[in-house]
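Step one of this worksheet: look at the structure below.
Values in this text are rule-based calculations from the coordinates and carry no lab data. Since the model is a prediction, treat every value here as computed from it, not as a measurement. Cβ placement follows ideal geometry from the backbone for every residue including glycine, while neighbour counts extend to all protein chains displayed.
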Amino acid sequence: HLVESGGGLVQAGDSLRLSCVHSGSTFNTDALGWFRQAPGKEREFVAAVNWGGGATQVADSVKGRFSISRDNAVNAVYLQMNSLKPEDTAVYYCAASRGVAFPPLNPALYNYWGQGTQVTVSS
């Protein structure tokens, strides 16, 4: 249902935009989130947006640098990442959560996950 793209190898201070296309029929009513997982670490919440795009949540670790948006016309959600740091290196996952009014931070509340896209930031 979810396919991420846009990852890659960049230098510290660069920007990347991740995209996730949701092919399911419930896109317009799902909350969508981005999570990341670095080697040896647990999956970490990054950002999420509600179905209408009017409510977002962003992790403190990336606040001011990352932003999330969605385009319901093309069934896509985006993660704009600016001023990247080496500690942002991880596999980034897109996820969809059904039946919630506010985008959740807890990964257990997400029903569907993409395969992930690697982001590597060199110093």
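What the table below lists for this structure:
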{"item": "Square roots of 5 times each gyration tensor eigenvalue, C-alpha, the range 1-50, largest first, Å", "result": "23, 14, 10"}
{"item": "Test item: Cα-centred dipole of the chain, Lys/Arg +1 and Asp/Glu -1 on Cβ, debye", "result": "60"}
{"item": "Fully extended contour minus Cα-Cα distance, from TYR112 to GLU42, at 0.36 nm per residue", "result": "23.4 nm"}
